[in-house]
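The next block holds one structure in the form of structure tokens; read it before the comments.
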Amino acid sequence: MDQVSFRGMESANRRKTYLLLAGMGALVWVVVFSALTYFGQSTVGIVPIAVGIALISVWGSYYASDSIVLKMTGARLLQESDNPKLFNVIQEVVIASGLPMPKVAVVQDTAPNAFATGRNPEHAVIAFTTGLLDAMDRDQLQGVIAHEMSHVGNRDTLVSAVAATTAGAIALLSDMLTRMMWFGGGRRNNRDSNGNPIALVLSLVVLILAPLAAVLLKSAISRRREALADATAVSFTRNPAGLRSALEVLAADSTVVHQRSTAVAHIWIESPLDARSVSKLFATHPPIEERIAALKAMENLGPSK
Amino acid sequence: MSKLLIALAVIAVLILILVTFYNRLIRLNVAVDEAFAQIEVQLKRRSDLIPNLVETVKGYAAHESATFEKVISARAKATTATTVADVAKADGAITQALRGLLAVAEAYPDLKASSNFLLLQEELSTTENKVSFARQFYNDNVRSLNTAVKTIPTSFFAPIAKVSAREFYEVEDPQSRQAPNVKF
């Protein structure tokens, strides 16, 4: 029973995010351990380098996420006088969420979609495509805005930055170490001291497969945050039907946002990548039918107090 | 010497626990105050819309004076309310009176088509939504505060922080009292 209510959904998705992030952390340790097994102590110095590079590259874009994403998507900031009705609906959700008023932007694109970004609620930007603003009625728009404000309130820009940093560090580590392997560095000095062949083969497999595992974990985290945002959106509006019918509009629409940059795919409310070509394990969003079914289950609970 | 250190450490930990729970309770209490202020801001906004709305409807439906009276008297009563229960009662009365006014407007196609009324209608429906979200946000905050005040361990610190359970904002509204739809 509690599994279907938005409160139950919220805590379940939060818990799964923590587990997945812990899995990410564990993966880093496994990679470092394998590197030490295979190459010996001399590789220790590589770890801070890989983590450092990943940190610098991800956290710069996290800190300036509001301006960078606006530039990448070609979104234009709106004033209240440009679209008073949209601002009314946003202000309603802002009151329901208790969050500060975000900046509002619009992307010229006929495909209906929306996203939220910004390093914290004070620097949040939520953006909508013109296609979405044309296609949605007030209740649907309210649902979409609540979903985006949930990303802001749940600090999903931060969560995905953490996931991207660890995945990036793992990819860098594995890349550097496999290169070292071809050049035959490191291992030579330790051949006598560490000769267990099974451990060596295992650590080699780990080093090769780790980046793949990291990307899978990153996608899984993104999917959990989308499901969480749907649940939090219902906690704001107490109206699962609005977001559900908005998602149905998105599901029925076959047009796709023009920029297919995979770098920002995870931030949209509906994945802009062609779902059929991407395997379910790598998807940044849960299947839209699954999200609609979860919201329908909440509707059937009746009005929640 | 070591006994003294242990005693100091225990005292430090105890103070830390006290400060943590004390601050948590105060924060929750302040959040309830802020949420209530938000309700009052939105009620004020709605109250400010009423004269304009009544004037507009009057222009097309002058003889519906009983409905106007109801809205205007409900608005006047709301200005004197201060406690949560009184504000909620006055709020409910205005909500109902406005609903009556809009029902009257339904019967006048000229009025419904006028641009002024359309503008007011959008303003009114967004304000009505804002009022009800502000109520919901207030009640959510009261819920968190009351849970903290009544559950262990925060309940031990409530008297020290002089924080007690707060009143929910409950609006008398016949429409929301209807039994929920049951679907099978």
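In table form, for the structure just shown:
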{"item": "Chain A: angle of helix A:288-299 to the longest principal axis, Cα-based, in degrees nearest 10", "result": "50 degrees"}
{"item": "Label point 7 Å beyond Cα of residue B:160 along Cβ direction - residues of segment B:28-47 with amide nitrogen under 19 Å", "result": "B:28-30"}
{"item": "Distance in nm between pseudo-label sites at residue B:58 and residue A:182 (7 Å out along the Cβ direction from Cα)", "result": "8.5 nm"}
{"item": "Under the span-like rule (Cα at least 18 Å along the axis, Kyte-Doolittle mean at least 0.5), DSSP H helices of chain B", "result": "B:2-60, B:84-106"}
{"item": "Relative contact order (%) - segment B:32-173, alpha-carbon pairs under 8 angstrom, separation at least six", "result": "36 percent"}
{"item": "Dipole of segment B:32-173, positive direction: furthest Cα of B:131, B:156, B:92, with charges on the beta-carbon", "result": "B:156"}
{"item": "Assigned charges on the beta-carbon of Lys, Arg, Asp, Glu; chain A dipole about Cα centre (debye)", "result": "1020 debye"}
{"item": "Efficiency of FRET from Cβ geometry, residue A:209 and residue A:290, R₀ 30 Å, rounded to 0.05", "result": "0.65"}
{"item": "Euclidean distance of C-alpha centroids, segment A:41-57 and segment B:1-69, integer Å", "result": "48 Å"}
{"item": "Distance from segment B:74-124 to segment A:98-163 (C-alpha centre basis), Å", "result": "31 Å"}
{"item": "Potential lengthening between residue B:147 and residue B:40 on full extension [0.36 nm per residue; Cα-Cα distance subtracted]", "result": "36.1 nm"}
{"item": "DSSP bridge pairs, the protein assembly as shown: antiparallel proportion in percent, nearest 5", "result": "60 percent"}
{"item": "Ratio of Rg to Rh over the protein assembly as shown (Cα coordinates, Kirkwood Rh, two decimals)", "result": "1.07"}
{"item": "FRET efficiency, residue B:80 to residue B:23 (Cβ-Cβ, R0 41 Å, nearest 0.05)", "result": "0.70"}
{"item": "Unsatisfied cross-links (Cα-Cα over 23 Å) in the set A:16/A:218; B:44/B:70; B:130/B:162", "result": "B:130/B:162"}
{"item": "Two-site FRET efficiency, residue A:158 against residue A:200, from Cβ-Cβ distance with R₀ of 41 Å, rounded to 0.05", "result": "0.60"}
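All of the numbers you see were taken from the coordinates with simple rules; none came from a lab. Just so it is clear, the model here is predicted, and its values are computed rather than measured. Ideal geometry is used to build each Cβ from the backbone, glycine not excepted, and the neighbour counts take in all protein chains shown.
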